[in-house]
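Student: Below you'll find the structure I mean.
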Amino acid sequence: MLSSHVTSLDLSRKLRDAGVPQVSEFSWVKSPREEKYTLMAVSNDGRTNLLANGYDVVSAFLSSELGEMLKESIYPLPVMEHKTKKWFVPVNGWDLFNGKYFDTECEARALMLLHLISSGIINPKALK
């Protein structure tokens, strides 16, 4: 299922609110007449048209897209713990999120990016 390969709607909103540029292959889209968001592939022109017609469009980032944003960061990539098959973020021998494990690499990368932005280590305006 595609939704397990992109950021959840909740994390996508947090990334948007933190100033992360809304450029991705997929987006969560909500019509002004509906209450539910749908995950879909949206081009940049399509995003512009949807926004102009009152739709809410939130980038749903792939793990690889988040990795591109984090590639200049001093923090390592998330790693999978083999016994649990869960992801965590090690930093200099300790866990950045104090033992919190994540179901997907995408979730771990998104939360790491949010942490770096909120700590002032990464400026979201400098992200591509």
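Throughout, read-outs are computed from the coordinates displayed, never taken from laboratory work. Note that this is a predicted model, so its numbers are computed, not measured. Reconstructed Cβ throughout: ideal geometry from the backbone, glycine too, with neighbour counts over all protein chains shown.
Student: Determine, for SER118, SER63, the number of other Cβ atoms within 10 Å of each Cβ, and report the residues in order from fewest to most.
Tutor: Numbers: SER118 11, SER63 19.
Lowest count first: SER118, SER63.
Student: So if the hydrodynamic radius of the range 18-67 is defined as the Kirkwood radius over C-alpha pairs, what does Stokes-Einstein give as its diffusion coefficient at 20 °C and 1.002 mPa s, in µm² per second? Each step should come with its number before you reach the end.
Tutor: Details: Rh = 11.2 Å.
In µm²/s, the coefficient is 192.
Student: Moving to a separate point now. What are the ³J(HN,Hα) couplings of the range 45-56, residue after residue, when phi is run through the Karplus curve with 6.51, -1.76, 1.60 and θ = phi - 60°? Round to Hz, x for glycine and proline.
Tutor: Using θ = phi - 60°, the values come out as 5, x, 4, 4, 5, 4, 4, 5, 9, x, 7, 8 Hz.
Student: Within a Cβ distance under 10 Å of SER24, other residues only, what is the Lys/Arg minus Asp/Glu net charge? Walk me through the numbers on the way to the answer.
Tutor: On the way: positive: ARG47; negative: GLU25, GLU65.
Surrounding charge for SER24 is -1.
Student: Which whole-angstrom value gives the distance between the alpha carbon centres of the range 111-128 and the range 1-65?
Tutor: Value for the Cα centre distance between the two parts: 19 Å.
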